[in-house]
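Participant: First the structure, then my questions, so here it is.
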Amino acid sequence: PATASTYVYNSQALDLPSYEIAEWLEELFENLLIGSAVTDKIYPWNRTADSFNLPLIVPESRIKKMKNTGNEVYILAGVKGNIYKTQGTYVDFVRKVPEHLTNNASSLVASPVTWGGLTSMNGSVLFGLAGQTSANDGVWRLYPDGRLIQQTTPSTGASSGTAIYAETEYFYFGYSGGADYVDT
């Protein structure tokens, strides 16, 4: 913003604890949900109060991504491939990306998953994922009924979808080295 008349800025709007780092923002009804990069908390804030409401506790630290789909916010947290959701008052476990697909090298690692891009498409959630080995990297899809599939891998070979843009039945996704358009 180059012109002060086009925006409003307030450094005193929300008082997160001093040790917190805001990683991700997502809207849910009138609240703005602020995901922590260092703890297991999501701070709901109504955008006008001096402070946040009672934090939501996620069973894993580091809230990486959140996406509102049908007034349910899907949460990608931690490094184990677990997916959670909230309607604003509690957090439920939804699904885990199978560990035999993400932590499948000759020696197992403690942090096998790196989350990529995130968007919604026709009620489902599309997200990028990179595992310990690249064979199952790409864009994954979580349906509202809990079905989880690997939707696609990049045309140049397995790589995490780091940016995803969905339109109707089709989507674009970017990855290290390029971008693809998925139309079928």
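Participant: When the dipole is taken about the Cα centre of the chain, and only Lys, Arg (+1) and Asp, Glu (-1) are charged at their Cβ, what size is it in debye, to the nearest 20?
Facilitator: 340 debye
Participant: Additional query: For segment 26-120, what is the convex hull (Cα atoms) projected area averaged across all directions, in square nanometres? Write out the running numbers ahead of the final one.
Facilitator: Values: hull surface 25.6 nm².
Hull-based average projected area comes out at 6.4 nm².
Participant: Out of every Cα-Cα pair in segment 75-128, what percent are more than 17 Å apart?
Facilitator: The calculated P(r) of segment 75-128 puts 44 percent of pairs beyond 17 Å.
Participant: State the three equivalent ellipsoid semi-axes of segment 16-59, derived from the C-alpha gyration tensor as the square roots of 5 times its eigenvalues, in descending order and whole Å.
Facilitator: In descending order, the three semi-axes are 16, 12, 9 Å.
Participant: Let me ask you something else. Note down the nm distance, to one decimal, between modelled labels 7 Å out along Cα→Cβ at Tyr9 and at Asn68.
Facilitator: 2.6 nm
Participant: Based on the alpha carbons, how large is the Rg to Rh ratio for the chain when Rh follows Kirkwood?
Facilitator: 1.00
Participant: Step through the residues of segment 83-93 one at a time and calculate ³J(HN,Hα) from phi using the Karplus curve (6.51 cos²θ - 1.76 cosθ + 1.60, θ = phi - 60°), rounding each to whole Hz and writing x for Gly and Pro.
Facilitator: 10, 10, 8, 9, 10, x, 10, 8, 10, 10, 6
Participant: Sorting Trp140, Trp45 by accessible area (1.4 Å probe), largest first, what list results?
Facilitator: Descending accessible area places them as Trp45, Trp140.
Participant: Using Stokes-Einstein with the Kirkwood hydrodynamic radius over Cα pairs, what translational diffusion coefficient do you get for segment 103-184 at 37 °C and a viscosity of 0.692 mPa s, in µm²/s rounded to a whole number?
Facilitator: 256 µm²/s
Participant: For Val94, what accessible surface area do you get with a 1.4 Å probe? Give it in Å², rounded to 10.
Facilitator: It works out to around 40 Å².
Participant: Percent of Cα-Cα pairs more than 16 Å apart in segment 144-184, please.
Facilitator: Taking all Cα-Cα pairs of segment 144-184, the fraction more than 16 Å apart is 37 percent.
Participant: Distance between Cα centroids, segment 1-51 to segment 139-177: provide it in whole Å.
Facilitator: Taking the Cα centre of each part, segment 1-51 and segment 139-177 sit 29 Å apart.
The values are calculated or read from the model by the stated rules, or taken from the named source; none is laboratory data. Please read all numbers here as calculations on a predicted model, not as lab measurements. Counting neighbours? That spans all protein chains shown, and the Cβs are built from the backbone with ideal geometry, glycine included. Each accessible area value is taken on the protein alone, full model and side chains, heavy atoms only, with ligands, DNA and RNA left out. Shrake-Rupley method; radii C 1.70, N 1.55, O 1.52, S 1.80 Å.
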